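A.B. asks: Have a look at the structure that comes next, please.
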């Protein structure tokens, strides 16, 4: 038998029964699941320095374990000295085993390393069951060596689920252990 990520086992043994009980699903197939996680870094200063894109691609590849790709501008903007097709960011989308591994490291190791952390803001839901939040520093990930960092960059992490409402997605992510801020 092969290796199964810890959060995939947790989903099958703990999350599914908890959500069936909470939302009264008739089948375990109705329970929402995480379909993919997209990580995006916008690097506007890459217009002047091309090495920033290369380091961002290397960092995202180290963080996720999957090759990152550059994002390119869609149109010319003369005020920013931007030409169509210039690389201005980096992104990577993880699915399957790597997605569960990344989420496990994010929840258990990286998010608690954020300075003055009081919980993830729950205002990032889009109405369709997807959740986005920003990370202000890439150095919260243990894979990145702080001594080799030239510039601290933030990133946006989007967790896409098969949930049909924000309430279901919130319950799903809460069961996975994402530390949301306590509502007062």
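Computed from the coordinates by the stated procedures, all read-outs in this text should not be read as laboratory data. Remember, predicted model here, so these are calculated numbers, not experimental data. Cβ placement follows ideal geometry from the backbone for every residue including glycine, while neighbour counts extend to all protein chains displayed.
A.B. asks: Pairing the Cα long axis of helix 166-176 with the longest principal axis of the chain, what angle in degrees results, from 0 to 90 and rounded to the nearest 10?
C.D. replies: Taking Cα atoms only, the helix is inclined about 90 degrees.
A.B. asks: Using only DSSP helix segments of four residues or longer, with each worth -39500 (n - 2.57), what per-residue ellipticity at 222 nm results for the chain after dividing by its residue count and rounding to 500?
C.D. replies: Rounded to the nearest 500, it is -7500 deg cm²/dmol.
A.B. asks: Determine, at each q value in 0.10, 0.13, 0.14 (inverse angstroms), the log₁₀ of I(q)/I(0) that the Debye formula gives when each Cα of the chain is one equal point scatterer.
C.D. replies: Those come out to -0.46, -0.74, -0.84, one per q.
A.B. asks: Suppose each label sits 7 Å from its Cα in the direction of the beta carbon; what would the residue 116-residue 25 distance come out to in nanometres?
C.D. replies: Placing both labels 7 Å beyond Cα along the Cβ direction yields 3.9 nm.
A.B. asks: Same structure, new question: What list of whole percents do you get for P(r) of the range 88-143, with Cα-Cα distances grouped in 10 Å bins up to the one holding the largest distance?
C.D. replies: With 10 Å bins starting at 0, P(r) equals 18, 49, 32, 1.
A.B. asks: Between residue 45 and residue 147, what is the label-to-label distance in nm when each label sits 7 Å out along the Cα-to-Cβ direction?
C.D. replies: 2.3
A.B. asks: How would you classify the range 1-74 from its alpha-carbon gyration tensor, with a ≥ b ≥ c the square roots of the eigenvalues: rounded for a/c under 1.5, else prolate if a/b is greater than b/c, otherwise oblate?
C.D. replies: prolate
A.B. asks: Please work out whether the range 112-166 counts as rounded, prolate or oblate from its C-alpha gyration tensor, where a ≥ b ≥ c are the square roots of the eigenvalues and a/c under 1.5 means rounded, while otherwise a/b larger than b/c means prolate and anything else oblate?
C.D. replies: Cα axes put the range 112-166 in the prolate bin.
A.B. asks: Please order 100, 25, 3 by the number of other Cβ within 10 Å, starting at the fewest.
C.D. replies: Exposure proxy ranking, most exposed first: 3, 25, 100.
A.B. asks: Angle check, please: helix 96-105 long axis (alpha carbons) against the longest principal axis of the chain (alpha carbons), in degrees 0 to 90, nearest 10.
C.D. replies: 80
A.B. asks: If you line up the long axis of helix 51-64 against the longest principal axis of the chain, both from Cα atoms, how many degrees apart are they, to the nearest 10?
C.D. replies: On a 0 to 90 degree scale, this one is about 20.
A.B. asks: How high is the relative contact order of the range 63-184, in percent, with contacts defined as C-alpha pairs under 8 Å that are six or more residues apart?
C.D. replies: 23 percent.
A.B. asks: Where both partners of a DSSP beta bridge lie in the chain, what percent of those bridges are antiparallel, to the nearest 5?
C.D. replies: 95
A.B. asks: How much length would be gained if the chain were fully extended between residue 4 and residue 62, taking 0.36 nm per residue of separation minus their Cα-Cα distance, in nm to one decimal?
C.D. replies: Here the answer is 18.8 nm.
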